[in-house]
Amino acid sequence: MSRVALISGITGQDGSYLSEFLLDKGYTVHGIKRRASTFNTERIDHVDVHPRSGDARLFLHYSDLSDPASLTALIRDIRPHEIYNLGAQSHVRVSFDIPGYTADVTGLGALRMMEAARSADVGCRFYQASSSEMFGSTPPPQREETPFHPRSPYACAKVYAYWSAVNYRESWNMFCANGILFNHESPRRGENFVTRKITRAVARIEAGIQDKLYLGNLDAVRDWGYAPEYVEAMWLALQQDSPDDYVVATGEGHTVREFVEAAFDRVGLDWQRYVELDPAYFRPAEVDALIGDYSKARRTLGWAPKTLFSDLVRIMVDADRQLLEDERMGRLVRVDR
Ligand code: NAP
Ligand code: G4F
């Protein structure tokens, strides 16, 4: 019988890659989508076979991390072997504008998922999408034992969710694992995270339809990996004999400025002619440097990154050039089923 997984955040970057990964492994995949006034399933439409075809192994359900009753009912109904809690208000800068909502969805939402799994009593394994943002101002390299010093409402909420997962493990003997993932990017990255904002702008500036790119802090250092590789680490964390917490990273740090320079270089343009600073993109408190030590994941999970900085920049710039070309040629048409 096929294994069953439930993913919150299935419509996001990681949820889409994880769905593909689990479907390839033969899983039946259920995902939580939230009601929106516009279509929000663009990242998974290509793997979503309609149930009426009889071949479907991906099923989407309306629910929300703010609605405990629907989470409990869903888990009781589908009885998953594995739950991946990827849903979150995941934008750090935005979390300063909506701190209460971020705490509710990103922090309490994780608790609601764990409590729903516990009360449904289905004996499933639970993955919590923890974040390198929890390390905040603690200097690199950061590893599992590094103390947290969160610097945003988002990071505070993630610390709460992290400790809730540890607490459910210790209190209820639930198999709860935290993946402490450092930044990971891809052509499916949300357009208002810095890497994707840059690569989209590069494609548009090259095509002559955008003049300037407005950014905030160019000095921040991030450890950027490739998202499709990171979802394998999530799965591996749930295949171990006992639950644990893992840093997942590349071990390489680069500044935002280096990313900008490499992306403009890819199309032969001098970034200094196009990039301007806008104070609106600076944060009330910044995380200066995140560089992860992933030795435990390598040793225990057998996981290591394959795609490093310059390949990541190339993949993202080339994908945004292609996407723009497809949009301009009218090749991207949504077909309702
Ligand atoms: P993302 O693209 O922003 O996706 C977030 C997902 O959460 C989307 O599917 C979103 O739905 C959903 N969501 C938001 N609010 C929700 C709610 N109230 N109820 C249910 N679902 C809700 O994020 P990502 O990059 O894939 O990251 C996945 C997870 O890993 C997040 O928890 C993030 O905080 C964490 N993380 C990410 C990174 C990274 O570098 N990407 C690093 C460390 C940790 P809509 O599509 O409807 O908006
Ligand atoms: O791309 P960012 O918005 O990602 P950030 O804040 O590191 O958070 C991401 O990674 C976390 C893991 O460490 C995740 F938990 C979180 O969910 C999210 O996926 O910003 C990266 C850096 C920051 O230092 C920011 O100040 O880029 C700097 N930056 C400079 N100009 C900008 C901009 N960030 C954004 N979003 N937009 C700018 O214009």
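The values are calculated or read from the model by the stated rules, or taken from the named source; none is laboratory data. In this text, all values refer to a predicted model and were calculated from it rather than measured experimentally. Glycine gets a Cβ as well: all are built from the backbone with ideal geometry, and neighbour counts include every protein chain shown.
Do you know which of the residues in region 271-294 that are within 16 Å of ligand 1 (Cβ to nearest atom) and among the aliphatic types (A, V, I, L, M) is farthest from residue 140 (Cα to Cα)? Here the answer is 287. The numbered conditions (1) buried (at least 16 other Cβ atoms within 10 Å of the Cβ); (2) aliphatic (A, V, I, L, M); (3) more than 16 Å from the chain's Cα centre (by Cα) are all true for residue 277 except (1). Residues considered: 219, 223, 278. Of these, the only one that is within 14 Å of ligand 2 (Cβ to nearest atom), touching a strand residue (DSSP E or B) at 6+ places or on another chain (Cβ under 9 Å), among the charged types (D, E, K, R) and more than 18 Å from residue 135 (Cβ to Cβ) is 278.
Scanning region 122-142 for residues that are of a type in the set (A, V, I, L, M, F, W, C) and buried (at least 20 other Cβ atoms within 10 Å of the Cβ) yields 124, 126, 129, 134, 135. Hey, any hits in region 74-91 for a residue that's of a type in the set (A, V, I, L, M), within 15 Å of ligand 2 (Cβ to nearest atom) and in contact (Cβ under 8 Å) with a residue 12 or more places away in the chain? Yes, region 74-91 contains at least one residue that is of a type in the set (A, V, I, L, M), within 15 Å of ligand 2 (Cβ to nearest atom) and in contact (Cβ under 8 Å) with a residue 12 or more places away in the chain. If you go through region 287-308 and keep only what is within 16 Å of ligand 2 (Cβ to nearest atom), in a loop (DSSP other than H, G, I, E, B), of a type outside the set (D, E, K, R) and touching a Lys or Arg at 6+ places or on another chain (Cβ under 9 Å), you end up with 287, 290, 291, 294. Evaluation of residue 243 against the conditions (1) in contact with a Phe, Trp or Tyr (Cβ under 6 Å, 6 or more places away or on another chain); (2) over 30 Å from residue 123 (Cβ atoms); (3) part of a loop (DSSP other than H, G, I, E, B) shows that the sole unmet condition is (2).
Hand me the list of strands (runs of 3 or more DSSP E) wholly inside region 51-161 holding 2 or more residues that are at pLDDT 95 or above and more than 24 Å from residue 171 (Cα to Cα).
Numbers: elements: 58-62, 82-85, 125-131.
By residue number, 58-62.
Whenever a residue of region 149-163 is among the aromatic types (Phe, Trp, Tyr), its partners that are part of a helix (DSSP H, G or I), lying with C-beta atoms within less than 6 angstrom and at least six residues away or across chains, give the pairs 154/92; 154/95; 154/102; 160/107.
Residue 37 - would you say it is of a type in the set (S, T, N, Q), free of Cβ contacts under 8 Å to residues at least 24 places away in the same chain and in a loop (DSSP other than H, G, I, E, B)? It is true that residue 37 is of a type in the set (S, T, N, Q), free of Cβ contacts under 8 Å to residues at least 24 places away in the same chain and in a loop (DSSP other than H, G, I, E, B). Can you confirm whether region 185-207 contains a residue that is in a strand (DSSP E or B), within 16 Å of ligand 1 (Cβ to nearest atom) and under 21 Å from residue 292 (Cα atoms)? The answer is yes; a qualifying residue exists. Among what's in region 143-169 and is more than 12 Å from ligand 1 (Cβ to nearest atom) and of a type in the set (Gly, Ala, Ser), pick the residue that is surrounded by the fewest Cβ atoms within 10 Å (Cβ to Cβ). The extreme case among them is 164.
Inside region 273-304, can you point out the residues that are under 20 Å from residue 223 (Cα atoms) and free of Cβ contacts under 8 Å to residues at least 12 places away in the same chain? Matches in region 273-304: 298, 299, 304. Among the residues of region 215-227, are any more than 12 Å from ligand 1 (Cβ to nearest atom), among the acidic types (Asp, Glu) and part of a loop (DSSP other than H, G, I, E, B)? Yes, some residue in region 215-227 is more than 12 Å from ligand 1 (Cβ to nearest atom), among the acidic types (Asp, Glu) and part of a loop (DSSP other than H, G, I, E, B).
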